[in-house]
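Reading through the structure tokens given below for one structure.
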Amino acid sequence: MNTPLAARQPPTRTIAELVRGHGIRTSQHDGQLVETVDAAAADTVAHLRNKGGPALLEFMTYRWLEHCGPLGDLHLGYRAQEEFDSWVARCPIRLHRKLLEDDDLIDEAAHIAMDAEIAAEIDDAVTFAQKSPFPQRAELNRHIFA
């Protein structure tokens, strides 16, 4: 898991290509672009609803933190700081925010209001969870379906 992707598989072999080899509809997209992800998902959902065949969407994206857990992993040395920085510069939230600002669809005040609303919703959810009773053992498999 600490081996660079380029050392584990050829750069031209994608998951989409492997799946396509099994006769399944696939597409690959830039997972950093919110509108691209939305359009690709909508297209695939329409395909599934109309034809019912399987489909796979592969979105090229990047994880910023370690494989397991909430910490950074640059100190492990399997990816370069420059690689990491290039992906951070393409943060999907920042890219979409800039797009909305450039199109005059949102301004700084709206961002501040949304950030506050999101933080309050998270705080409320954490408070609710902390005040809720721990579920009984019999409840652990509820809503899990094979």
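The values are calculated or read from the model by the stated rules, or taken from the named source; none is laboratory data. Because the structure is a prediction, the values reported are computed rather than measured. For neighbour counting, all protein chains shown are included, and Cβ atoms are generated from backbone atoms with ideal geometry for every residue, glycine included. Ligands, DNA and RNA are excluded from the accessible area calculation, which covers all protein heavy atoms including side chains. Shrake-Rupley method; radii C 1.70, N 1.55, O 1.52, S 1.80 Å.
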Considering only the other residues whose Cβ falls under 15 Å of the Cβ of A55, what net charge follows from Lys and Arg at +1 and Asp and Glu at -1? +1
Of H143, G23, I93, which is farthest along the charge dipole of the chain in the positive direction, counting Lys and Arg as +1 and Asp and Glu as -1 at C-beta? G23
Choice from F128, F84, F59 showing the highest fluctuation, given a GNM over the chain with Cα pairs closer than 10 Å: F128
GNM, the chain, Cα, under 10 Å: largest mean-square fluctuation among Q130, Q32, Q81? Q130
Please list, in order, the residues from the stretch 30-60 whose amide nitrogen is less than 20 Å from a point placed 7 Å along the Cα→Cβ vector of E117. 34-35
Over the chain, with a Gaussian network built from C-alpha contacts below 10 Å, which listed residue (K51, K98, K131) shows the highest mean-square fluctuation? K131
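Within the stretch 27-110, list the GluC sites (Glu not before Pro) lying in a DSSP loop whose Cβ has at most 15 other Cβ atoms in a 10 Å radius.
Details: sites: E35, E58, E66, E82, E83, E101, E108; in loops: E66.
Those that pass, being in a loop and sparsely packed, are E66.
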Other-chain or far-sequence residues with amide H under 5 Å of E58's (modelled H): S27, Q28, H29
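Report the per residue volume, in Å³, of the convex hull enclosing the C-alpha atoms of the stretch 1-65. Kindly include the intermediate steps, with their values, before the conclusion.
Working: hull volume 6.6 nm³, N = 65.
It comes to 102 Å³ per residue, whole-number rounded.
How big is the Rg/Rh ratio for the stretch 28-124, C-alpha atoms only, Rh by Kirkwood, two decimals? The partial results should precede the final answer.
Values: Rg = 17.4 Å, Rh = 16.5 Å.
Value, to two decimals: 1.06.
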When the Cα centres of the stretch 65-91 and the stretch 1-42 are compared, how far apart do they sit, in Å? 20
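Can you work out the accessible area per residue across the chain, with the rest of the protein chains kept in place, probe 1.4 Å, in square angstrom? Let's see the in-between values first.
On the way: 11460 Å² over 146 residues.
I get 78 Å² per residue for this part.
Got the relative contact order for the stretch 7-146 handy, in percent, Cα pairs under 8 Å and 6 or more residues apart? Before the final figure, lay out each step's value.
Working: 81 pairs, mean separation 26.3, N = 140.
Result for the stretch 7-146 is 19 percent.
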